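Here the structure comes first, spelled out in structure tokens, and everything after it is commentary.
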Amino acid sequence: MPDRIRGTTVAVALMIVLAGCGAAVSPTSSPGPSPSQATIPPTPTSQPTPSTTAAASTAEGWRPVPDQAAVQGGQFEHVVWTGTRFVATGTALGAEGAFLDSSDGLVWHRQPATPAKAYPSSLAVGPGGVVAIGKIDDRPASWFSKDGLTWTARADAFPVPTTGTDAFGITAVVATDDGWLAVGREDPYCNMNCGLAPVRAMVWTSRDGLHWARAHDQGSLGKAAMTGVARGGPGFVAVGLAGVDAAAWTSTDGSTWARVPDSPLFHELPSADPSMWTTMIGIAAGHGVVVAIGNEGPGGGHGPAARAWWSADGRTWTRADGDYFQSGGEISVTPTSVTATPEGFLATATTNGGCTGGMWASADGHAWRCVALDAAFAGFKGGAAAASSSVDVVVGFNGFGEPLPDGYPGAVWRRTLP
């Protein structure tokens, strides 16, 4: 997610896309800063002083939250609404992974430090609590919490085959009726064009969020990677890529998966550079549709561009339209997440032009408009969004200008719903 892993080649650009979703596609990639650096202690929850009052609202009603150490002391990666509080993951500047929470999206609390070399990334909320997936000691791991405040961690939580130098990434997680479902990918060791030749997509299920069983291998998962999953369509819908093209799958039970037939709408736009690639990154279900966001890779003189799709059933897809999706010149747009809100959907991205703050909204998933054009958003890189019944929150980091000695500071934008 953060700029600490940004690159310019096609291979590295795709790695950034996948890293933003919690993927690990190369054994040479690093999940975070060196553990030898000092860990930032938890920051108590307290109301910011009047001198740190947030700036005035933007045209869309967004405001940055008041200055506070818990926010600025690390880069956010993911966020969810549990029903009582926002819970987020991130990486403390110069330290390890972190959990944060906020009852209102305005004042944030950094929870006690995670174990050394532990990096929680994606989150999911279910009837029994909250699950996070990520890495501990560079191995797939999971965390469980009943309330989003106190966590139990399990290293080596996901069984994977013993296949030499192949790398495994757990990329997304979603709640089921009686537990949890996670998806991911296996990739060969790679030095060039990493991420474009996956070995297979992978699926795991769990009753408690800590002990996981891998679904059986099946032809529909071969030579592909899953990077997002949601409850929708016939039961579950997953998205990702197969080679250089976007891909989607459906499942009634979370164990057996059917790949959606390939279609030109999963490929790069007509007349695009033949070296380009297209991938779906994130997925959300709500308001009677399933929506996916993704990337079309760099080529033809421009950086990566944003793409979006929607489907009523997860099986038949239509390409969506969006403001500032198309890149131009040196502009690059790398979507990071999409979530359902009371008013529709919110998507986030890291971008260096076009839609200034990398935030898009859609009422129906069919058409998207940039909601972060104001100059106040300059430098903001969106990591993920979440919504309660009354508040939208987008978390990320401020990547404007030169970074601090150990990384760019975190940032949170918030707006009250009408």
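The values are calculated or read from the model by the stated rules, or taken from the named source; none is laboratory data. Worth saying up front: this structure is predicted, and the values here are computed from it rather than measured. FYI the Cβ positions are ideal-geometry reconstructions off the backbone, even for glycines, and counts take in every protein chain you see. Please note that ligands, DNA and RNA were not included when accessible areas were found on the heavy atoms of the full protein model with its side chains. Shrake-Rupley method; radii C 1.70, N 1.55, O 1.52, S 1.80 Å.
Over what distance in Å are the Cα centres of the stretch 222-244 and the stretch 162-176 separated? If we compute the Cα centre of each part, the gap is 13 Å.
Computed with a 1.4 Å probe over protein heavy atoms only, the accessible surface of the stretch 268-400 comes to 32 Å² per residue. Couplings 3J(HN,Hα) for the stretch 289-295, derived from phi with the Karplus relation 6.51 cos²θ - 1.76 cosθ + 1.60 (θ = phi - 60°), are 9, 10, 10, 9, 10, x, 10 Hz, where x marks Gly and Pro. The three principal axes of the Cα atoms in the stretch 163-204 give end-to-end lengths of 40, 19, 11 Å, sorted in falling order. Just to be sure I understand the curve: with the Debye formula and one point per C-alpha of the stretch 192-287, what is log10 I(q)/I(0) at q = 0.13, 0.25 Å⁻¹? The Debye formula, applied to the Cα set alone, gives -0.47, -1.38.
Checking the Cα-Cα distances for Lys146/Lys381; Lys223/Lys381; Lys117/Lys146 against a 27 Å cut-off, the pairs over it are Lys146/Lys381; Lys223/Lys381.
Here is the tail figure for the stretch 163-232: Cα pairs spaced more than 21 Å apart come to 26 percent of all pairs. Normalised by 2.2 N^0.38 Å, where N counts its residues, the alpha-carbon radius of gyration of the stretch 208-363 equals 1.04. For the stretch 276-418, the direction-averaged projected area of the alpha-carbon convex hull comes to 8.9 nm². The candidates Ile133, Ile331, arranged from most to least accessible area with a 1.4 Å probe in the full protein assembly, appear as Ile331, Ile133.
When every Cα-Cα distance of the stretch 119-269 is counted in 5 angstrom steps from zero, the calculated P(r) takes the values 2, 10, 19, 22, 20, 14, 8, 4, 1, 0 percent. Note on the stretch 63-189: Kirkwood radius taken over Cα pairs, Stokes-Einstein applied at 20 °C and 1.002 mPa s, translational D equal to 141 µm² s⁻¹. Taking the average, over residues, of other Cβ atoms within 10 Å as the packing measure, peptides 345-353, 116-124 rank 345-353, 116-124 from highest down. Using θ = phi - 60° in the Karplus curve 6.51 cos²θ - 1.76 cosθ + 1.60, the 3J(HN,Hα) couplings for the stretch 198-209 round to x, 6, 5, 7, 9, 9, 9, 10, 8, 8, 10, x Hz; x is entered for Gly and Pro.
Our Cα-only numbers for the stretch 338-418 put the radius of gyration and Dmax at 12.8, 42 Å.
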